1. Counting other Cβ atoms within 10 Å of each Cβ, which GluC sites (Glu not before Pro) in segment 6-77 have at most 16 and sit in a DSSP loop?
2. Shape verdict for segment 50-152, please, from the Cα gyration tensor: rounded (a/c under 1.5), prolate (a/b greater than b/c) or oblate.
3. Roughly how many Å is it from the Cα centre of segment 54-94 to that of segment 107-152, as a whole number?
4. Please identify every one of the trypsin sites (Lys or Arg not before Pro) in segment 70-149 that sits in a loop by DSSP and has no more than 13 other beta carbons within 10 Å of its own beta carbon.
5. Looking only at T104, T15, T82, which one moves most when the chain is put into a Gaussian network model with springs between Cα atoms under 10 Å?
6. For segment 49-152, what is the relative contact order in percent, using Cα pairs closer than 8 Å and at least 6 residues apart in sequence?
7. Any idea what the relative contact order of segment 14-96 is, in percent, if you count C-alpha pairs under 8 Å spaced at least 6 apart?
8. Over the chain, with a Gaussian network built from C-alpha contacts below 10 Å, which listed residue (I83, I141, I115) shows the highest mean-square fluctuation?
Amino acid sequence: MSEHELRVSKIRDGTVIDHVEAGQALNVLAILGIDGAEGFGVSVGMNVPSDRLGRKDIVKVEDRELSQSEVDVLSLIAPEATINIVRDFEVVEKNRVTRPEGVTGVLSCPNRNCITNADEPIETRFDVVADGVRCDYCATILRSDIAEHIDV
Ligand code: CTP
Ligand code: ZN
C-alpha cells in the first residue's frame with residue numbers, strides 16, 4: 001500500500017495485529033479486554049483493502065504487548081493474523097498466529113449444567129476442533145460466538 005493510502009497511522013511502540021479477518025476487529029478488542037478506558041492508544045481499521053485477503057481488519061494497540069493466552073484465543077477468530085511488535089517505529093518482531101490444540105482457563109462454557117459452571121475449582125478447557133472449540137467436560141461446541149465467552 002503506498003504512503004498516501006495508509007489509513008491508520010504508524011505507531012511508535014506497541015502491537016499491530018494485522019490480517020485479521022474482516023468483521024473481527026471488535027472481537028479482537030474484546031479478547032484483549034480493551035474498551036478504550038485503559039488510556040493507551042488504540043487504532044482500528046475495518047475492511048481495509050489487502051492483497052492477500054481482499055479485505056481485512058487491523059488493530060493497533062500502543063504501549064502494550066500480548067500474552068500467549070490472548071494470542072491463542074485470537075488465533076481462533078483470526079487464523080491468518082500477523083502479530084507485529086513495534087519498537088521506535090520499527091517492526092522488530094513478526095509472528096503468524098498458530099492454532100493451539102486447546103485453550104485452558106480462557107473461555108467459559110455456555111452450558112449452565114457443565115461442571116465448570118458448578119462451584120467447583122475446575123478450570124475450563126476447550127479443544128480446538130474443525131468447526132470451533134469443544135468443551136472437554138460436556139462437549140458443547142462454541143463456533144462463531146467464541147468472543148462472547150472469553151473469560152481472561
Ligand atoms: N506498522 C505500524 N507502525 C509502525 C510500523 C508498522 O502501524 N511503526 C504496521 C504497518 O502499517 C503494517 C504492519 O504494522 O500494517 C506490519 O508492518 P510491515 O511489516 O512494515 O508491513 P508489511 O511488510 O506490509 O507486513 P506483511 O508482510 O506482514 O503484510
Ligand atoms: Zn462445558
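Values quoted throughout were computed directly from the atomic coordinates according to the rules given, and no laboratory measurement underlies them. Just so you know, these numbers come straight off a predicted model, no measurement behind them. FYI the Cβ positions are ideal-geometry reconstructions off the backbone, even for glycines, and counts take in every protein chain you see.
1. Details: sites: E21, E38, E62, E65, E70; in loops: E38, E65.
Listed in order of number, the matching sites are E38, E65.
2. Numbers: a/c = 2.85, a/b = 1.91, b/c = 1.49.
Verdict is prolate for segment 50-152.
3. With segment 54-94 and segment 107-152 each reduced to a Cα centre, they are spaced 24 Å.
4. Details: sites: R87, K94, R96, R112, R125, R134, R143; in loops: R112, R143.
Taking segment 70-149 and a limit of 13 other Cβ atoms within 10 Å, the loop trypsin sites (Lys or Arg not before Pro) found are R112, R143.
5. For the chain, modelled as a Gaussian network with Cα springs under 10 Å, the answer is T104.
6. Working: 137 pairs, mean separation 20.7, N = 104.
Here the relative contact order equals 20 percent.
7. Numbers: 156 pairs, mean separation 34.3, N = 83.
Once divided by the residue count of segment 14-96, the mean separation gives 41 percent.
8. I115
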